[in-house]
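Here is the structure we will look at.
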Amino acid sequence: MTFAELREVASRGMSIQSHGHSHRDFTRMTTVEVREELSKSKSILEDKIGKPVTEICYPYGRFNSDIEEIARELGYTRGWSLNPAHARNDAFTRGRWCVYSYDSPLSVRMKLGRGPFSRIEAIKQGITNNLSRGERFAFWTD
């Protein structure tokens, strides 16, 4: 999406938040690099969208306590990982489900449900995330 399109959906109530600047795996970076990724992403989005950016969805869902601390220091109030098990009420980082291009309406319903099918979807998401190895790069353009 372009920044104009992002501004449009933001004006209609959609929350636009950070996913890092270059979609690199934060756990494979130095703390200086993580700080730069989080700071740059937040700054660009806030400038281009005109709204506060307070949440980070960690690329590949990977994070650690040092990354959470840097995010807090930069003004983020919530982090999101790919692991739904991180959904603790008192945690800075919470889990989320991914919806991939190969998901069907049924698989999305199974993800959101409880029971064995939800577990199958969690395994599928884990395999997809692990196969990515955090090496795909995507850069913004205006």
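A short reminder: the numbers here are calculations on the coordinates, not readings from a lab. All values reported here derive from a predicted model rather than from experimental measurement. Cβ placement follows ideal geometry from the backbone for every residue including glycine, while neighbour counts extend to all protein chains displayed.
Pro105 falls short on exactly one of the conditions (1) buried (at least 17 other Cβ atoms within 10 Å of the Cβ); (2) more than 17 Å from the chain's Cα centre (by Cα); (3) under 23 Å from Gln125 (Cβ atoms), and that condition is (1). The set of residues in segment 12-35 being closer than 19 Å to Asn83 by Cβ, in contact (Cβ under 8 Å) with a residue 60 or more places away in the chain and not basic (Lys, Arg) consists of His23, Asp25, Thr27.
Take Ser22 and decide whether it is in contact with a strand residue (DSSP E or B) (Cβ under 6 Å, 6 or more places away or on another chain) and closer than 30 Å to Gly126 by Cβ.
Values: in contact with a strand residue (DSSP E or B) (Cβ under 6 Å, 6 or more places away or on another chain): no; closer than 30 Å to Gly126 by Cβ: yes.
No.
For segment 36-80, taking the residues that are in contact (Cβ under 8 Å) with a residue 40 or more places away in the chain and hydrophobic (A, V, I, L, M, F, W, C), the one that is farthest from Ser22 (Cα to Cα) is identified as Ile49.
Any residue at all in segment 60-67 that is at positive phi and surrounded by 17 or more Cβ atoms within 10 Å (Cβ to Cβ)? Let's see the steps before the verdict.
Let us first name the residues in segment 60-67 that are at positive phi, namely 60-61.
Of the ones still in play, those that are also surrounded by 17 or more Cβ atoms within 10 Å (Cβ to Cβ) are 60-61.
Checked against the condition, which is being at positive phi and surrounded by 17 or more Cβ atoms within 10 Å (Cβ to Cβ), segment 60-67 yields at least one hit.
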